[in-house]
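Have a look at the structure below before the remarks.
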Amino acid sequence: MQRYTIEKLQLPETYEQDQELATLARRLATQHYEELGRDRVGMGDLKREFLAGQHAGRVAAAVDEIATKADQDAAKANARAKAANALTAPNGYRIEVNPTEILIMGPFDEDLHQRLKRAGGYWDGITQTNRKCWVLPPAKGKSLKRILENWSKSHAETALVQVRAEAERWLGYVEDKAPDYLYQKGVDKLRDLRISRWPELKERLEAAIAACQSEQARRKESARQRAFESNFAEQSRAKGSGASKLRRLYPVSALPPLNVPVELGSSIVVFESTGKVFRISDDAASLHGHQLLGHEGERGCYGYYRPATDAEIAAYREQAQSLQQDRESKAAAQRDLRALIERFTSEGQRPEGSHVLEGVRLLDTQNIYGGGDWWVIEDDHIWYVRNNGADGDDWSRNNIRTGGAGAIGWSLPADAGLIDELRRLANVLG
């Protein structure tokens, strides 16, 4: 409804030219008759007064209320329209917005259906116009945005659960065939399913692949050993019983140990004896192997060997595995120790002065040249000490007495867990 000034509403012609305003004036006369007309004028006379502009104040208030409400409704409608037009359809769906409806088109989903139904929507199926879509009023634009976001998130989580179940099924196939056979189709499928999203499943796959690779390496090694033993047997038969052993020329200083399994190329053998010592000629390396390079003119002899037995091979592998585990354990301990040193030098206190430390020393590598480092466990503090007494070191930084130029020390409060960790590292690193 159009707004007017008080002056305009006091003019009869304003009502004559605006029938909507005239209708409002008559309705106001009816509403306020008890207050303004009874015992004074009749209903018809009061209406004529309103149409003559005699009650312009009341008309202005009513017009303002109606116009304000219309503006508010228009603003709300505009906001709803913007919300509806800003909707983003989930994958596989399409949204159409018109003045009277919001249409969501795509495959039927029961979860989405229930969510839209609670918001006042419905599925336009065979019992309606059979458009095969959901229908909501435009006023539900904001609600629909929230519904679609929540449903998309839930739908994605459900889909992820299904993908994980599929990944576990294929992983079972791979694990069932390992270690005898690497089911490559299953491995490829798991990579397509992005198994790395689940660290525990990825770890199982890597373990299965590693088991297959280990088994394949074992088989190759066994095949090489069998070929070596077969070749050895053939040579023994061809040369007769007097030449039953294979030999390899070595410098005396580099002879392999006797009567223990050792690696020779790709095979495992046992050296049982050595021959007479003689001078290694200049062309020996080209005839007998690279182990003689640089040893020309030195004293050497033949080492006589045989293929290792199954028991000896097993013992060799066990020892090799133990040594490898020991190396890996020490490497891990070294990493932990470096991290601990970094913690003490960055977080620890380095008090001024000249301090004498009394306590248990661990991991001590101090040397007479002013180098090395060590740890000291006191009653209330743990110290990391780095020797700083070599020529060229800045001795002014030292705060620990050593009997030499001194060292630099950092401390942290004693902690049972930290003490146990230091003792563990000392045990591993010797």
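Values in this text are rule-based calculations from the coordinates and carry no lab data. None of the values given here were measured: they were computed from a predicted structure. Here Cβ is always computed from backbone atoms with ideal geometry, including for glycine, and neighbour counts include all displayed protein chains.
Once you charge only the Cβ atoms, +1 for Lys and Arg and -1 for Asp and Glu, what is the size of the charge dipole of segment 275-430 about its Cα centre, to the nearest 20 debye?
Rounded to the nearest 20 debye, it is 440 debye.
Taking the Cα centre of the chain as the origin and placing charges on Cβ (Lys, Arg +1; Asp, Glu -1), which of P257, L190, A156 is farthest toward the positive end of the dipole?
Value computed over the given set: L190.
With an 8 Å Cα cut-off and a minimum separation of 6 or more residues, compute the relative contact order for the chain in percent.
Contact order relative to length: 7 percent.
For the pair D192/E421, report the inter-label distance in nm, with labels modelled 7 Å from Cα in the Cβ direction.
Label-label distance for D192 and E421, simple model: 4.6 nm.
Among the listed pairs K145/K202; K132/K153; K8/K140, which have their C-alpha atoms separated by more than 29 angstrom in this model?
Going by Cα-Cα distance, K145/K202; K8/K140 fall outside the 29 Å limit.
Express in nm, to one decimal, how much length is gained between E347 and S273 on full extension, taking 0.36 nm for each residue of separation and deducting their alpha carbon distance.
20.7 nm
From the mean inverse distance of alpha carbon pairs (Kirkwood) and the Cα radius of gyration, derive Rg over Rh for segment 327-429.
My calculation of the ratio gives 0.96.
Using every Cα-Cα pair within segment 26-166, state what percent have a distance larger than 19 Å.
65
Convert 10 °C to kelvin, take the viscosity as 1.306 mPa s, use the Kirkwood radius over C-alpha pairs of the chain as Rh, and evaluate the Stokes-Einstein diffusion coefficient in µm²/s, rounded to a whole number.
Stokes-Einstein gives a translational diffusion coefficient of 46 µm²/s.
Starting from the Kirkwood radius over alpha-carbon pairs of segment 106-210, derive D by Stokes-Einstein at 10 °C in a medium of 1.306 mPa s and give it in µm² s⁻¹.
95
Could you derive backbone 3J(HN,Hα) for segment 378-389 from the dihedral phi with the Karplus parameters 6.51, -1.76 and 1.60 (θ = phi - 60°), listing whole Hz in sequence and x where the residue is Gly or Pro?
In residue order, the calculated couplings are 9, 4, 10, 9, 10, 10, 10, 10, 10, 4, 9, x Hz.
Per residue and in Å³, how big is the convex hull formed by the alpha-carbon atoms of segment 110-172?
With only Cα atoms used, segment 110-172 gives 95 Å³ per residue.
Rounded to whole Hz and in sequence order, give me ³J(HN,Hα) for segment 108-120 from the Karplus expression 6.51 cos²θ - 1.76 cosθ + 1.60, θ = phi - 60°, writing x for Gly and Pro.
For segment 108-120, the Karplus-derived couplings read 5, 9, 5, 4, 5, 4, 5, 5, 5, 5, 5, 8, x Hz, x marking Gly and Pro.
Considering only A223, G372, G430, whose Cα is most displaced toward the positive end of the charge dipole of the chain, charges sitting on Cβ of Lys, Arg (+1) and Asp, Glu (-1)?
Going by the charge dipole, the pick is A223.
Taking K276 as the anchor, which lysines have their alpha carbon closer than 22 Å to its alpha carbon, excluding any fewer than eight residues away along the same chain?
Within the straight-line limit of under 22 Å, K276 reaches these lysines: K239, K245.
If you bin every alpha carbon distance in segment 6-81 into 5 Å steps from zero, what whole percent lands in each bin?
Once binned at 5 Å, the Cα pair distances of segment 6-81 give 3, 17, 23, 20, 14, 9, 7, 4, 2, 1, 0.
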